[in-house]
Amino acid sequence: MIPYMDTPLAEHADKLREVADAGYTDFWSAEAGGADAFTPLALASQWVPSAQLGTAIVPAYTRGPGSMYCSYPSGGRAGAGDGQRARRKLER
């Protein structure tokens, strides 16, 4: 799961290349602990062009559809997950 919380995002390139060289093919990100899910994946897409990308938890109800799904111009490399509980929290 990226980002690695103990490493600044700018220093992720070498770590991601290292795990890709070890045989990992997918990188997943989530919005947890204050981290944005999309920025690490955008960078990973450039650092490891062969990687499959996905979001595990992204609260869809705090974004408009355009900003949510326009984040995936990936040529079939990305998958999306959304945070189903976010809607209940916003409706309270």
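Residues that are at positive phi and in contact (Cβ under 8 Å) with a residue 24 or more places away in the chain within segment 6-37 comprise just one, Gly33.
The set of residues in segment 11-51 being surrounded by fewer than 16 Cβ atoms within 10 Å (Cβ to Cβ) and part of a strand (DSSP E or B) consists of Asp26 alone. Of the residues making up segment 7-18, those that are over 10 Å from Val48 (Cα atoms) and not acidic (Asp, Glu) are Thr7, Pro8, Leu9, Ala10, His12, Lys15. Among the candidates Ala56, Ala30, Ala44, Ala80, which residue alone is within 12 Å of the chain's Cα centre (by Cα), modelled with pLDDT under 65 and among the aliphatic types (A, V, I, L, M)? Just a single option satisfies the conditions, and that option is Ala80.
The values are calculated or read from the model by the stated rules, or taken from the named source; none is laboratory data. Because the structure is predicted, anything quoted here is derived from the model rather than measured. Ideal geometry is used to build each Cβ from the backbone, glycine not excepted, and the neighbour counts take in all protein chains shown.
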